[in-house]
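Chemist: Could you have a look at this structure, given as structure tokens, before my questions?
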Amino acid sequence: MLLKKPLARRVHLTRSMYMKAVPPWCNNKIPCYQQIISRWINPEWRATYRAASERRALMGGPVHLQGNLNLHAYVQKKNRERGEGEEPLNTFTGLCLSRKSKKPEGGWVNPGAGLRIDAYSGKFKECNGPDSDPASQDIDVTVSLKSGQGKKRGRLYVGDGSIRKKDIPKLADLRATTLSSGPAIERRPEPGLHMMHQFHARLEEESRLRLEAQANALLQQEQAMKMQQALFQQQEFMVKQHAALQETFARFNANMHCSTLPDLPPIPPLPTFSFCPRSGEGSNNFVVGGSNLPKQAQ
């Protein structure tokens, strides 16, 4: 069964399992590989590995996007890929490019990368003037030393590996040649403190949003109560109106049943018509009410 890389990193094998998968670069060096396995299965090493993995997870992203290339090789590769007329990269612009996130929203690959580049840029302008551009030249070793308290833990704060070790002065010599009125040597920011500040800022932001949501909920609840009260008043008014109409109809019906209308006079009888045709004639003479009509003179 094949495991994905993030899951495979958390799997610890036994010595026999490791020996079943000897890497090609150790085919002829089995004793050396056994020494490596002894370190991998050591509980102390595993505890150190686990602690380092937890610290690494707090970075919030990868270290860089250079792959297995060092900074100089990465800059050379990117310069070969650039078209004609484009300005070639130097070590500082290459460093910035390798720390730029490929996400649509942009930004840096991790918060620490932005801190380092901002610290170097600020110290560069402090050393060379406010109008100077750090992207105009390669990484300055003196600026890198001053922006990150020298080679703390054996590494430069910015551009480590891009400058030869023999070209990096000692921090004591740099302090001896630095004037009190000149740019100071800054303390290296601790990622843990920065993450703690970010955590507190995030908590404050969440607290502010929660309070705003609660205030909006209370406002909506008050508006709903007012609307419900208005509906109750309207319903009460409609009930009263309905009761008044019912009372009016009841009175009207009572008045209709109690009152007597005057008797109407009898309808007069209609006259009766009878036809009396003459003999031998086809006349239409008729008699009304049994009386004969006057005869016509001959």
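Chemist: What nm value, rounded to one decimal, do you get for the distance between Leu3 and Thr142 when each label is placed 7 Å out toward the C-beta?
Modeler: 5.2
Chemist: Order these by the 10 Å Cβ neighbour count, fewest first: Thr142, Thr91.
Modeler: Listed from fewest to most nearby Cβ atoms, that is Thr142, Thr91.
Chemist: To make sure I understand, if each residue's beta carbon is the centre and we count other beta carbons within 10 Å, what order do Ser38, Ser147 fall in, fewest to most?
Modeler: Ser38, Ser147
Chemist: Here's something else I'd like to know. Can you give the FRET efficiency for Lys170 and Ala135, using 1/(1 + (r/R0)^6), R0 = 35 Å, r = Cβ-Cβ distance, to the nearest 0.05?
Modeler: It comes out at approximately 0.80.
Chemist: Label points 7 Å out from Cα along the Cβ direction at Gln229 and Ile30: separation in nm?
Modeler: Here the modelled spin labels are 9.0 nm apart.
Chemist: OK, next. How would you classify region 54-133 from its alpha-carbon gyration tensor, with a ≥ b ≥ c the square roots of the eigenvalues: rounded for a/c under 1.5, else prolate if a/b is greater than b/c, otherwise oblate?
Modeler: Oblate is the answer for region 54-133, as a/c is 1.5 or above yet b/c matches or exceeds a/b.
Chemist: Ok, one more. Hey, for a label at Asn42 modelled as a point 7 Å past Cα toward Cβ, could you say which residues of region 5-34 have their backbone N under 16 Å away?
Modeler: Output list for this probe position: 15, 32-34.
Chemist: Also: Report the Cα centroid-to-centroid distance between region 21-36 and region 92-120 in angstrom, as an integer.
Modeler: Centre-to-centre (Cα) distance: 38 Å.
Chemist: Going by how many other beta carbons lie within 10 Å of each one, how would you line up Tyr18, Tyr157, fewest first?
Modeler: The fewest-first ordering by Cβ neighbours comes to Tyr18, Tyr157.
Each reported figure results from applying straightforward, stated rules to the coordinates on display, with no laboratory input. Quick caveat, the model's predicted, so the values are computed rather than measured. All Cβ positions, even for glycine, are placed from backbone atoms using ideal geometry, and neighbour counts span all protein chains on display.
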